[in-house]
Amino acid sequence: MPRKRKLLAQLSALQSNSSFPQIDALENLNATPGADVSPRSSKYFMIEKKNSSQLQADFFNQPCVSLAKSFLGQILVRKLPDGRELWGRIVETEAYLGGEDEASHSKGGKQTQRNAAMFMKPGTLYVYQIYGIYFCMNVSSQGEGAAVLLRSLEPLQGLDAMRELRSASRKAPTKLLKDWQLCNGPSKLCQAFGIDKAFDQRDLTQDSAIWMVPGQDLPGEQEVVATTRIGIGNRGEWAEKPLRFYLRGNKFVSVVDKKMEREMAARGHSPCS
């Protein structure tokens, strides 16, 4: 798979060499957040001591729909307490536009203790629990109460650790998960990256345990599918708005919209390689 090899080669160029000792226990995975401020090398990136570029505040400070699209192809990095790093390319997102959006947790502009992160500065994590078990991770954007849900990742590094974390979160022993099954959904993503409520309200530009770096294989507009969001129930016209975005042809996406993809093909848009 040429594209996969290209991504891995680019990832290796971004990151520094490090050793990866064994995870001791699942409950030890949440590191204490901390700040590590370094000089910026451009408008969007800064150079860290480990020679990787990190997405900075200006990147996150854009309208919700724009940010949801801009996330596609970027890389989420999670550093575990034992030093191992998990890397995943963002391939699917959903935009939640704040007060006017009937499917948003901040609809009507209502701010609560639970959704407070949605009203914080762009780049703040909003992590919430569903069904009393699973977690979902969002990133605040421009706009009062607006945020982007991270739905799916393409795993790039630390796949063994992701399997350990997913296995620890599952109720009964099951077959070994395939690569495409590790992060193809918002709660699976959080399980695989060891994300729970402790990450709520953390700043992606300042945290030492989770951040983003720029992807080197960013998609063009013709490679992005815009379709309806998943599992938002009866929200009238908001249930039909094309506020979910994913990389067309990417097997790590949670749910594909075949009808929309056929329409894109009819318009002459080629799928991503």
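The values are calculated or read from the model by the stated rules, or taken from the named source; none is laboratory data. Keep in mind that this is a model prediction, so the values were computed, not measured. A quick note on method: Cβ atoms are made from the backbone with ideal geometry, for glycine too, and the neighbour counts reach across all protein chains shown. In case anyone asks, the SASA skips ligands and DNA or RNA and just uses the protein heavy atoms, side chains included. Shrake-Rupley method; radii C 1.70, N 1.55, O 1.52, S 1.80 Å.
Any residue in the stretch 226-240 that is in contact (Cβ under 8 Å) with a residue 12 or more places away in the chain, within 22 Å of residue 86 (Cα to Cα) and surrounded by 18 or more Cβ atoms within 10 Å (Cβ to Cβ)?
No, the conditions are met nowhere in the stretch 226-240.
When you check residue 161 against the structure, is it open to solvent by less than 10 Å² (accessible area, probe 1.4 Å), over 15 Å from the mean Cα position of the chain (by Cα) and in contact (Cβ under 8 Å) with a residue 40 or more places away in the chain, yes or no?
On the way: open to solvent by less than 10 Å² (accessible area, probe 1.4 Å): yes; over 15 Å from the mean Cα position of the chain (by Cα): yes; in contact (Cβ under 8 Å) with a residue 40 or more places away in the chain: yes.
Answer is yes for this residue.
Regarding the stretch 237-256, can at least one residue be identified that is assigned to a helix (DSSP H, G or I) and polar (S, T, N, Q)?
Filtering the stretch 237-256 for residues assigned to a helix (DSSP H, G or I) gives 237-239.
Going one step further and asking which of them are polar (S, T, N, Q), we end up with none.
No; the residues of the stretch 237-256 include none that is assigned to a helix (DSSP H, G or I) and polar (S, T, N, Q).
Being among the polar types (S, T, N, Q) and over 11 Å from the mean Cα position of the chain (by Cα) is the filter; apply it to the stretch 164-186 and report the residue that is nearest to residue 127 (Cα to Cα). Steps first, please.
From the stretch 164-186, those among the polar types (S, T, N, Q) are 167, 169, 174, 181, 184; that's our starting set.
Okay, now just the ones that are also over 11 Å from the mean Cα position of the chain (by Cα), so 167, 169, 174, 181.
Numbers: 167: 21, 169: 17, 174: 27, 181: 21 Å.
Among them, the one singled out is 169.
Filtering the stretch 59-90 down to residues that are polar (S, T, N, Q) and assigned to a helix (DSSP H, G or I), which residue is surrounded by the most Cβ atoms within 10 Å (Cβ to Cβ)?
70
Do we have residue 150 as open to solvent by less than 10 Å² (accessible area, probe 1.4 Å), under 13 Å from the mean Cα position of the chain (by Cα), of a type in the set (A, V, I, L, M, F, W, C) and farther than 15 Å from residue 59 by Cα here?
Details: open to solvent by less than 10 Å² (accessible area, probe 1.4 Å): yes; under 13 Å from the mean Cα position of the chain (by Cα): yes; of a type in the set (A, V, I, L, M, F, W, C): yes; farther than 15 Å from residue 59 by Cα: yes.
Judged against the criteria, residue 150 is a match.
Yes/no per residue for (1) among the hydrophobic types (A, V, I, L, M, F, W, C); (2) closer than 21 Å to residue 115 by Cβ; (3) open to solvent by less than 20 Å² (accessible area, probe 1.4 Å):
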site	(1), (2), (3)
189	yes, yes, yes
246	no, no, yes
254	no, no, no
261	no, no, no
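Given the criterion crowded, with 17+ Cβ neighbours inside 10 Å, of a type in the set (A, V, I, L, M, F, W, C) and part of a loop (DSSP other than H, G, I, E, B), identify the matching residue among 117, 103.
Of the residues listed, the single one that is crowded, with 17+ Cβ neighbours inside 10 Å, of a type in the set (A, V, I, L, M, F, W, C) and part of a loop (DSSP other than H, G, I, E, B) is 103.
When you scan the stretch 170-177, do you find a residue that is loosely packed, with under 15 Cβ neighbours inside 10 Å, aliphatic (A, V, I, L, M), part of a helix (DSSP H, G or I) and on the phi < 0 side of the Ramachandran plot, even just one? Quick ask: steps written out before the conclusion?
The initial filter retains those residues of the stretch 170-177 that are loosely packed, with under 15 Cβ neighbours inside 10 Å, namely 170-176.
From the residues that got through so far, the ones that are aliphatic (A, V, I, L, M) too are 172, 176.
Within this subset, residues satisfying the condition of being part of a helix (DSSP H, G or I) are none.
No, that holds for no residue.
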